[in-house]
1. How big is the C-alpha Rg of the range 224-292 next to the rule-of-thumb value 2.2 N^0.38 Å, as a ratio?
2. With the radius of gyration and the Kirkwood radius both derived from the Cα set of the range 10-65, what is their ratio Rg to Rh?
3. Considering only C-alpha atoms, what is the centroid distance from the range 47-124 to the range 1-37, in Å?
4. Given a Förster radius of 56 Å and the C-beta distance between Glu80 and Glu350 as r, what FRET efficiency does 1/(1 + (r/R0)^6) yield to the nearest 0.05?
5. Rounded to the nearest 0.05, what FRET efficiency do Glu366 and Gln304 have when you use their Cβ-Cβ distance and R0 = 35 Å?
6. Report, in cubic angstrom per residue, the convex hull volume of the C-alpha atoms of the range 32-102.
7. So for the pair Tyr31, Glu343, with labels modelled 7 Å out along Cα→Cβ, what separation do we get in nm?
8. Just to be sure I understand the model, the point goes 7 Å from the Cα along the line to the Cβ. What's the resulting Arg140 to Asp107 distance in nm?
Amino acid sequence: MSFIVNQNDRLTVTVEDLTHDGSGVAKVEGYPLFIPGALPGEEVEIKVGKTLKNYGFAQLLEVKQQAPNRVEAPCHVFWECGGCQLQHLSYEAQLQQKQKQVRDVIDRIAKLPHVPVHSVKGMQDPWRYRNKSQIPFSERNGHVVSGFFKTRTHHIVDTDVCIIQSEEADELMSTLKHEMHALGLDAYEEKAHRGMLRHLIVRKGRATGEIMVVLVTLKKKFPQKQAVVDLIKRVVPEVTSIMQNINPDKTNVIFGNETINLDGKSVIIDKIGDVQFEISARSFYQVNPVQTEVLYGQALEYAQLSGDETVIDAYCGIGTISLFLGQQAKEVYGVEIVPQAIEDAKRNAELNGITNAYFEAGAAEEVIPSWYAEGKQFDVLVVDPPRKGCDEKLLTTILKYKPKRVVYVSCNPGTLARDLRILEDGGYRTQEIQPVDMFPQSSHVECVAWLDL
Ligand code: SAH
C-alpha cells in the first residue's frame, strides 16, 4: 500500500536508527522501513516485505558497510530465538542505544529536554545473568527438543545452551533432553495433548547458590519419577529443591494449580543487599539479581531517607523494594494487587525481622487514597508499575495529596515519559533519570526517576 516502495523490491539503504525492539530503521523518501538485524550507520541490501500506509518491513539480505560496533552474536541460535534482540551489537553500544532511547522519549513525550538522563548502569559481565529459566520441552520426529520459543510463535528453537541463563540450567536442560527417552519418559506434544514433561524450570539463589528445579508434568503420577530425581541430583549436585507442578490442561499457561515436593526443601533463599528472600516454585522474583541491587540502590539514593520518613511502595510485588527501603525509613507501606505476593512480602518481612513494613493487597489506586482518607501522611512515594505505567487514578491521587518526593521505577520508558508529563503539569519537577540495564542483550531498559515538588 505504498507508492514509494513495493513488496519484493530490492534496495540498498542506509540505516538511521534502531527501534525499541531492536530493528534497524531506514527511510526511503521519508517512508520508514523496519529491518530486523540491521544496525544504525550500516549500508544494507534489503528485500521489501509487507508495506502499510505509514511504514513497512524489509528483510536484510546483505550488510554492505558494517557499523563499527557490530559484533558476531555469540549464541548460535540468536537469529532464530526470540529471547535476545541485541547480541549483534557490542555491549557498550547497547548501553548507549538504551540511553538514547530513554533520552528520545523524555524529550518527545515528557517534553523535558533539560532533565538529565544519565548513562545506563550496565553489567561488568553481561552474560549468564538470569536466575530463572522456564524451558519448554516437546517431541519432534522421535526426538526430544527443548529451548526457547521463536518470537510470537510456539515453535521451540532447540538448543543445549543459553548463554544468558546459568550453567546449571544448561546442564539440566541438555541432560534431561538427551537422557529422558532412555528412562522411558516422553515430552509433551501441544497439538496432540499427550506426553509427560511440559516444562523444566530452574531457579537459582545467586547469593546462596541454592537451586530449585521444577518439573511441570501432564499428570501427577509417572513411573520414572525417582529416576528423574536421581538424574537431576547426579547432574547438578547443588540442587537443593526438586518440585513437581501438575498441569493437566490443554493450555499454553505454564503452571497448573498443584505443586508438590519431590526432594529437598520446598523453597530456596536469595539475598538482595542484606535482605533475604524466600522463593517458592511460582513466586515472582526479579530475574537479574546483580542489577536488581543496582536498581534498588538507585531508588534508595533518590528517596534520600534519613530514618524519619513514612514511605509508600506502590506495585510492591513480594515487597522487595519495601524491605530494602524499610532499613532506612521510619515506616514503609507496600501495596500490590496479587494477594499471594502480599503473603510472600509479609513472610519475607518476618524472615528478616523487619517490623516497620506493612502490606496490603489491592489496587494501588484504591488502597492509597484509603490510607490518606484514614489520615496517614507520607513523605516519599515509590512506584514500580507494570509496562502500562501508573493508573490515571493513582496519578490524580498523587497530585491531590502531594507527597514531597516521588521515585518512579519503570520498565517502560514510553509510559514513564507520559506519566512524568502528567506529574510535571501537576507541579512536580523531575530532577534526574538513571537508566539501569536489567536485561543485557535484550532491548529492554529500566529507569529510576526522581521527582520533587
Ligand atoms: N516492585 C516489585 C514488582 C514490580 S512489577 C519488584 O521490584 O519486584 C509490578 C507489580 O505491579 C506486579 O507485581 C503486579 O502484580 C502489580 N500490579 C499491577 N497492577 C497493579 C495495581 N493496579 N495496583 C497494585 N499493584 C499492581
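We did not get these values from a lab; they are worked out from the coordinates using the rules stated. Owing to the predicted nature of the structure, the values given are computational and were not obtained by experimental measurement. Please note: Cβ atoms are built from the backbone with ideal geometry, for glycine as well, and neighbour counts cover all protein chains shown.
1. The reported ratio for this selection is 1.31.
2. 0.91
3. When both Cα centres are located, 14 Å separates them.
4. 0.80
5. 0.80
6. Residue-normalised Cα hull volume stands at 116 Å³.
7. Simple spin-label model gives 5.7 nm for this pair.
8. 4.3 nm
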